[in-house]
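Shown next, in structure tokens, is the structure this report addresses.
The values are calculated or read from the model by the stated rules, or taken from the named source; none is laboratory data. Keep in mind it's a predicted model, so treat the numbers as computed, not measured. When we count neighbours, we look across all protein chains shown, and the Cβ atoms used for this are built from the backbone with ideal geometry, even at glycine. For the accessible areas, the whole protein counts, side chains as well, though only heavy atoms, and no ligand, DNA or RNA atoms are used. Shrake-Rupley method; radii C 1.70, N 1.55, O 1.52, S 1.80 Å.
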Amino acid sequence: MITRIEKVDPVFPDAAVIETAGRILLEDGLVAFPTETVYGLGANALSPDAAAKIYAAKGRPSDNPLIVHIASIDALDLIADPIPEEARKLADRYWPGPLTTLFRKKAAVPDTTTGGLPTVAVRMPSHPVAAALIRAGGGYIAAPSANLSGRPSPTKASHVIEDLDGRVDMILDGGEAAVGLESTIVDLTEEVPVILRPGFYSREMLEDVLGEVRIDPGILSPSENVRPKAPGMRYRHYAPRAPLSIFEGDVGTVAAAIEERLAEAARRGEMAGVLCSGETAERYRAHENAYVIAAGSGNDEAEVAHALYGALRQFDEAGADRIFSEAFYGGQLGDAIMNRLLKAAGYTVVRV
Ligand code: TXA
Ligand code: MG
């Protein structure tokens with residue numbers, strides 16, 4: 001398959017390009033597009049064939065359900081029932097934006113889209129290209145992150161091209177994704193709302209609207225006994241090729257421990273990637289075998305979130321033999337960053 005790659009202005013996307021992309025979706029084709037979180041791989045969510053094509057292009061297990069993207073609140077009526085009052089309140093506050101809500105699905109949503117589940121996950125993205133494309137493509141676009149299954153989610157078009165060139169009909173290049181991590185997923189079908197995947201909107205921000213919100217215990221540790229409710233959270237994911245360890249402790253001790261590992265790696269003739277805050281980067285750069293990516297400053301988690309997936313890809317490209325990362329806690333995005341980093345590390349944490 002030849003993939004058409006089109007640049008689009010992220011704020012005022014060219015109408016002709018969007019129309020062409022929308023037509024591809026209406027004919028059950030695949031279009032990758034930018035959203036404010038990560039790039040998505042879009043297909044018509046109401047067509048069983050289109051959803052099946054997504055699984056094939058990504059190499060994704062077909063029991064892992066897709067998020068349905070909409071461009072207006074009225075679109076919910078066709079696909080979700082009931083629509084609880086809490087969902088409307090959340091939508092009022094946080095849609096369009098990086099929030100995904102779970103509903104009981106209606107018959108219009110094929111089982112292929114939800115991986116056979118009776119629920120459907122719905123999100124209304126704020127990115128102007130995403131919103132325009134959803135409208136042009138019929139109003140209901142299933143879109144997982146536009147990476148090959150198991151690879152870090154793409155935060156720019158070059159990542160999508162790396163993974164999906166030749167496997168999809170079109171890629172819309174709208175520049176870098178602003179947030180860099182996937183949406184928060186909240187389940188309102190339980191008595192107390194549950195966060196199934198932490199994201200841009202924190203637990204506190206949801207509690208501000210909903211009152212008590214829980215976090216799915218299955219995503220906090222890799223225990224075999226508590227399975228995450230979101231099937232995608234069960235797979236090893238966001239994985240760089242080199243083994244990754246996260247170092248946790250106070251700043252100076254962490255830096256000393258990573259430096260020691262760098263020296264050990266050097267003795268074995270290995271090159272190591274280091275993901276760190278701006279404050280400590282120079283210490284690691286003094287090691288010749290270190291490939292250092294400073295993900296912003298330690299107290300700016302927005303910068304860390306924005307840089308994380310790109311950094312994991314860069315380590316792969318640079319041929320790193322192993323990767324050491326500082327832990328990044330705190331702030332609105334701390335939970336989401338650590339959730340992704342822990343998964344990428346297979347939960348390997350060194351406490352110093
Ligand atoms: O920010 C995002 O949400 C991005 C952009 C493209 O919108 N999309 C995204 O999709 O992250 P994906 O497919 O990579 O992740 C969707 C997650 C998976 O963990 C999946 O298992 C879960 O949502 N999910 C989808 N539908 C579900 C359902 N009905 N019940 C439980 N989990 C669901
Ligand atoms: Mg994904």
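If a/c stays under 1.5 just call it rounded; otherwise compare a/b with b/c (prolate if a/b is bigger, oblate if not). Do that for the range 205-352, with a ≥ b ≥ c from the square roots of the Cα gyration tensor eigenvalues. The partial results should precede the final answer.
Working: a/c = 2.13, a/b = 1.62, b/c = 1.32.
In terms of gyration-tensor shape, prolate.
Suppose the Debye formula is applied to equal point scatterers at every Cα of the range 41-97; what is log10 I(q)/I(0) at q = 0.15, 0.19, 0.21 Å⁻¹? Cα-only, vacuum Debye calculation for the range 41-97: -0.56, -0.80, -0.89. Comparing 133, 275, 90 in a Gaussian network model of the chain where C-alpha atoms under 10 Å apart are linked, the largest mean-square fluctuation is found at 90.
Report in % the part of the accessible area of the chain that belongs to carbon and sulfur, leaving out ligands and nucleic acids; probe 1.4 Å. Exposed carbon and sulfur together represent 50 percent of the surface. Applying Stokes-Einstein at 10 °C and 1.306 mPa s to the Kirkwood radius of the chain, computed over alpha-carbon pairs, gives a translational diffusion coefficient of 77 µm² s⁻¹.
Taking the Cα centre of the chain as origin and charging only Cβ (+1 Lys, Arg; -1 Asp, Glu), how large is the dipole, in debye to the nearest 20? Before the final figure, lay out the partial values.
Details: 35 positive and 49 negative charges, 172 e Å.
Its charge dipole is roughly 820 debye.
Residue by residue, the range 99-108 carries 3J(HN,Hα) couplings of 10, 10, 10, 8, 10, 6, 8, 9, 5, 4 Hz when phi is fed to the Karplus relation 6.51 cos²θ - 1.76 cosθ + 1.60 (θ = phi - 60°); x denotes Gly or Pro. Angle of helix 15-26 to the longest C-alpha principal axis of the chain, folded into 0 to 90 degrees and rounded to 10: 80°.
Pairs exceeding a 22 Å alpha-carbon distance, out of 58/105; 106/229; 58/343; 53/229; 89/343: 58/105; 53/229; 89/343. With an a/c value of 1.5 or above and a/b not larger than b/c for the gyration tensor axes a ≥ b ≥ c computed over the alpha-carbon atoms, the range 29-131 is described as oblate.
Accessible surface for the chain, divided over its residues, is 41 Å² per residue with a 1.4 Å probe.
Counting only DSSP beta bridges with both residues in the chain, tell me the antiparallel percent, nearest 5. Numbers along the way, then the final one.
Values: 17 of 48 bridges.
Looking only at bridges with both residues in the chain, the antiparallel portion is about 35 percent.
When +1 charges are put on Lys and Arg Cβ atoms and -1 charges on Asp and Glu Cβ atoms, the dipole computed for the range 1-153 relative to its Cα centre reaches about 340 debye.
Helix 334-344 and the long axis of the chain differ in direction by around 80°, with both axes built from C-alpha atoms.
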